[in-house]
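The block underneath contains the structure these notes are about, expressed in structure tokens.
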Amino acid sequence: MPTLGTFQRLFERILPLYMYTMCLLIGMYALVPWKSLGEVPKSLLDKCRRSWWTNLLFINNFVLIDQHCMGWTWYLANDFQFHITTPFFILLLHRNRMLMFALAGFLLMTCVIVTAFVSWFFKLPVGLHFDARLLSYEVYNTQYYVKPYCRYGPFLIGIMLGILLHHRKGPLLTKTSALTGWLCCLTTMAAVVALGYALDDSVESYSVAPVLYQALHRIAWAAAIGWIILVCEERHAGFVGTFLSSKLWIPLANISYACFLIHPAVIDMYSGLQETLLHYTDINMLGASRVQSSIPVQSVRNFYVLPFYLFIGHTVLAHIIGFALCICIENPLQALRKYFR
């Protein structure tokens, strides 16, 4: 049964490392001598004491959202809730294929309508930023950003694409259709990025444009990514397909889950162990780094390298720790699972 397989994968692949990382972070946050941001880890510890169980049940995107533990794991709850619905599509695929497509279309439209309604009702900004409107940050997170009904569209597109690729009996694209699709794909992706900066979503001039963007931009981006996958499978992607199918990505893919679980803790550790407070503005990382490092003003190249250097440091360290978690925790657990089977 697909449903049993979903729960089996949950307990065998997702949950063990998730539980270990949660215990590791709680212990680390409790023992590390925090400096300038001492109240932040204390707050995180208090939240984890109250809401840890919502993480393990994968309901932390609905329950105790304002008291979340490992707040970045809200998407694990979304992903699990999405996968629970997959068996229904598989069942309908073998019973009534047209009904399956009709259901997928209905759910996609429902996702668009609900997202648009939530955006219009709360006058949500296009991006998660701080502004003068009351409760915009809290509402954006709790009512829109982490909710599965606002993110189900891309998952539906992925499910339909997977079914299409699995049941295709021959080539689906010609060179002309592939070229046309590439133009549409790149135009769509450029529009999604550009409109995110261009749309005016202030309270005084809030209009239907940001509402439509909120409702459609993730679906449009997922459709563009789906097209890239399709043309790669159809051998119409050229060097893009060669690059994306390179075996060099396999090691990174194997540790990506562990890196996802640990990377915010790496950033928290760096920030919390600073002797002075960090001020995050558009140019503060450049200016503050230049002053504290005594870099001359004329050293423009080094002046702009510093923030990128900090990003690279966090990224590399997160991957090193993720690799260690895979070697020491995840791989042994998977070996035990195979042994007992």
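Of note:
- In region 181-199, the qualifying residues are those that are hydroxyl-bearing (Ser, Thr, Tyr) and at pLDDT 90 or above, and the one that is most open to solvent (accessible area, probe 1.4 Å) is Thr187.
- Any hit, region 77-95, residues being open to solvent by 70 Å² or more (accessible area, probe 1.4 Å), touching a Leu at 6+ places or on another chain (Cβ under 9 Å) and within 20 Å of Pro264 (Cα to Cα): no
- A Cβ distance below 8 Å, combined with a sequence gap of six or more or placement on separate chains, defines the contacts here; from region 31-54, residues that are β-branched (Val, Ile, Thr) reach residues that are open to solvent by less than 40 Å² (accessible area, probe 1.4 Å) and at pLDDT 80 or above in the pairs Thr54/Asn60; Thr54/Cys69.
- Selection of region 88-123 for residues being within 20 Å of Ala215 (Cα to Cα) and not hydrophobic (A, V, I, L, M, F, W, C) yields Gly105, Thr110, Thr115, Ser119, Lys123.
- Condition broken by Lys47, with the remaining ones in (1) in a loop (DSSP other than H, G, I, E, B); (2) closer than 24 Å to Met28 by Cα satisfied: (1)
- Pairing each residue of region 152-180 that is farther than 21 Å from Leu216 by Cβ with any residue that is assigned to a helix (DSSP H, G or I) and not β-branched (Val, Ile, Thr), provided the two are 6+ apart or on different chains, yields C-beta distances under 6 Å for Leu165/Glu233.
- In region 70-92, the residues that are without any contact (Cβ under 8 Å) to a residue 12 or more places away in the chain form Cβ pairs under 6 Å with partners that are part of a helix (DSSP H, G or I) and open to solvent by 40 Å² or more (accessible area, probe 1.4 Å), at six or more places apart or across chains, as follows: Leu92/Leu99.
The values are calculated or read from the model by the stated rules, or taken from the named source; none is laboratory data. Keep in mind that this is a model prediction, so the values were computed, not measured. Reconstructed Cβ throughout: ideal geometry from the backbone, glycine too, with neighbour counts over all protein chains shown. These accessible areas exclude ligands, DNA and RNA; they are computed on the full protein's heavy atoms, side chains included. Shrake-Rupley method; radii C 1.70, N 1.55, O 1.52, S 1.80 Å.
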